[in-house]
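Note sheet for the following structure.
The values are calculated or read from the model by the stated rules, or taken from the named source; none is laboratory data. Fair warning: this is a prediction, and the values are worked out from it, not measured in the lab. Positions of Cβ are backbone-derived with ideal geometry, glycine not excepted, and every protein chain shown enters the neighbour counts.
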Amino acid sequence: MRLPATHPFAAFVLSLDQGEVPPFATPMLRAIWHGLRGDWHAAHELAQAQCDADGAWIHAWLHRIEGDLGNADYWYRHAHRPPRRDDTRTEGLAIARQLIESIGGN
């Protein structure tokens, strides 16, 4: 099923190629956006600033991107999530979808 571009998740995915963070993006969505665009440091700064399960989940994902699986596993535990080893882009998009749904973006 293809989502219309007005759907928040579809708009988020399109924004990855357009170079501008969507206006509805929370700090953690901004972290995912930067991470998916290859700006690990900007993403990491945002993830480190949020001390909750979402911040820990994104922190774990970012350490997977850099190849530090031990550190990633530490953050997955803090996020109460199982470690993942699949494609990091797939996980990043899954996190974004869940965050968008949590703010009412269906």
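Among residues of segment 62-82 that are under 18 Å from Trp40 (Cα atoms), those with a Cβ under 8 angstrom from a residue that is among the polar types (S, T, N, Q) and in a helix (DSSP H, G or I), sequence gap 6+ or separate chain, pair up as His63/Asn71; Arg64/Thr88; Ile65/Thr88.
In the set (1) closer than 19 Å to Pro83 by Cβ; (2) surrounded by 20 or more Cβ atoms within 10 Å (Cβ to Cβ), the condition left unmet by Trp33 is number (1).
Residues that are of a type outside the set (A, V, I, L, M) and either modelled with pLDDT under 95 or within 19 Å of Ala10 (Cβ to Cβ) (or both) number at least 2 in the following helices (runs of 4 or more DSSP H) confined to segment 53-106: 88-102.
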